[in-house]
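Engineer: Let me begin by handing over the structure; questions about it come next.
The values are calculated or read from the model by the stated rules, or taken from the named source; none is laboratory data. Being a predicted model, the structure only gives us computed values, none of them experimental. Cβ coordinates were reconstructed from backbone atoms using ideal geometry, including for glycine residues, and neighbour counts include every protein chain displayed. Side chains are part of the model used for accessible areas, which takes the heavy atoms of the whole protein and leaves out ligands, DNA and RNA. Shrake-Rupley method; radii C 1.70, N 1.55, O 1.52, S 1.80 Å.
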Amino acid sequence: MDARNILTVINSSTNREHPFNNEIFDNILDLSDKHSAAGGLRNQHGSIHKKITFTNCEFKDNIEITFSLVDITFEFDDCVFHSQFEMSVVKSLSFRNCKFLKKSSLNLQSESNLIFNTNFISGDFKLTSTLNKHYFENIYFEQLGGKLIIIAPGAHELKFSNCFLNDVEFQNSNCRLLLIENSVLEKITFFGHNFGQLVFISSILEKIDFGSALKNISLIISNSIISHFQIVAQTISNLHIDHSTFWLLRFVGNSPEISEYQIEWVDCKILSLNRFKSKSEIEFSYVKVVSKGSLSFVNSDFKGMKFINCEFADSVLEFENSQLEMFTAETNFPVNVKTNGLFNRWSQAQLAFGQLAKSYDAQGDTVRHLDYKSRELHAHMRKLNFKEDPSAFLNLWANYLSNNFGRNWIQCAAITLILGAISFYLIVVSSNNYSIGFGWHVDTRILNSFFHFFNPIRDTDTNKVFEIDGKQYIKLTRRSYVLDFFAHILLAFLFYQTISAFRRFGKSN
């Protein structure tokens, strides 16, 4: 059938449907309100068909539908488009099981709906539309590098479902709702846009780039996997993320005071709050940074932020000059702290752990408060130089080596026993009765003297340690008295450290 005649519909005032099947259109399809030299669809008498369906058609050249068909529904099923498609005003437009080859574009001007279902796209595809609703379902790019460009000012709703797209770019789009569900997108970018609400559900996304034009957006992410996601706080007024996984989840900028963020049941490799200032309600609950991951607080100021039942202990804390005024509950932060090299690592660790200790103390969590207070002292110890403050340096190291700043009484008790035995041995071999050596036979008198020596409240008279029934059985030397003098001081300190660590959670702070 000649392509010049097959699309002519004349004197059609009924509401019946008109199908076109198994046709190849080599010429331009021109639907205009006047006769076309090339042939085409024309409304010569009254209204034309309510629905026009193209099934299994192949369009070799451009398609131009340029006049207003406000009551017509166009359907394209199993069609192949080799070039550009342009349409003005229609009631509804749908594409099902179609293929768009090479570079394609669709220009729609209407207050209608678009359904884009199970279509394959090769190369870039550009959609410019003012339609109210757009539904994209089961779309697949046949080759890498293809981009879907959407320019949709004034659209009410954009919905993507079960789509596999390499790159989606929104340009100058204004939309009340953008919904992406059960889809895989390698990259989604926004330029010069204004959306009311963005919703990502059960989708896999490689990278989301919001740019800097968004304002007062409500964003929902649920049951999704996203590789790189950066949230510019001043652009998003309400945020809810749940049951999702991220490689990188980053917050930057200044969050508005009226904003509300809820992040819960989230796993990520890197959780970054860099140059981020918050005075609003931001809650992280059941958030986990995986083993060998990174939790980053750099040049940030948190006020009104909450961390509840989060798991950060297996990660590394990257911390630099941040103010942590936040609520913490049932959350363990990392032990290891790193910086970018411009700041002293231990100085930053002291600042971080000190603020965390204060935060736990404010919440009444004594256990974690004391733990992070000990970490603060450890960082301060590592920061100190012996020449700068010898007294503080030696004091802190003695506390660290004995009971790890009050956290380990068993360690201190073991050290006390070992050093006490060594001290007693040196005193004995410094006498005139014994020399250095280790025999298999033990003098029971020596054993009795050891327990006397090890008694925390024993007499300071060294001779009485080695007396049996009022008689001294070992003749001590000057060296023996000197050794006992230092041993007495050392053991007194270790006894005190052991008791302090043992009573750590019982003493008042």
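Engineer: Kindly sort 188, 24 by accessible area of their heavy atoms, largest first, with the probe set to 1.4 Å.
Structural biologist: The residues order as 24, 188, largest area first.
Engineer: So what's the convex hull volume per residue for the Cα atoms of the stretch 364-422, in Å³?
Structural biologist: Considering the Cα atoms of the stretch 364-422, their hull volume per residue is 85 Å³.
Engineer: A further question follows. Using heavy-atom solvent-accessible surface (probe 1.4 Å) with all chains present, what is the largest-first order of 78, 242, 124?
Structural biologist: Of 78, 242, 124, the descending order of accessible area is 78, 124, 242.
Engineer: Local charge sum around residue 378 (other residues, Cβ-Cβ under 14 Å, Lys/Arg +1, Asp/Glu -1)?
Structural biologist: Local net charge: +4.
Engineer: What pairs in 50/159; 187/358; 269/303; 103/159; 133/269 have C-alpha atoms more than 32 Å from each other?
Structural biologist: Result: 187/358; 133/269 exceed 32 Å.
Engineer: Could you check the spin-label model distance between residue 140 and residue 292? Points 7 Å from the Cα along Cα→Cβ, value in nm.
Structural biologist: Between residue 140 and residue 292, the simple spin-label model gives 3.6 nm.
Engineer: For the stretch 378-509, just say rounded, prolate or oblate: build the C-alpha gyration tensor, square-root its eigenvalues into a ≥ b ≥ c, call rounded for a/c under 1.5, and beyond that prolate if a/b exceeds b/c, oblate if not.
Structural biologist: Verdict is prolate for the stretch 378-509.
Engineer: Once Rh for the stretch 190-302 is found with the Kirkwood sum over Cα pairs, what is the Stokes-Einstein diffusion coefficient at 25 °C and 0.890 mPa s, in µm²/s?
Structural biologist: Stokes-Einstein gives a translational diffusion coefficient of 175 µm²/s.
Engineer: Express the accessible area of the stretch 208-320 per residue in Å², computed with a 1.4 Å probe while the remaining protein chains stay in the model.
Structural biologist: Result: 40 Å² per residue.
Engineer: Roughly how many Å is it from the Cα centre of the stretch 275-342 to that of the stretch 218-271, as a whole number?
Structural biologist: 14
Engineer: What is the sum of charges, Lys and Arg at +1 and Asp and Glu at -1, for the other residues whose Cβ falls under 10 Å from the Cβ of residue 346?
Structural biologist: Summing Lys and Arg as +1 and Asp and Glu as -1 gives +3.
Engineer: Taking Cα atoms of the stretch 290-404, Rg/Rh with Kirkwood Rh, to two decimals?
Structural biologist: 0.98
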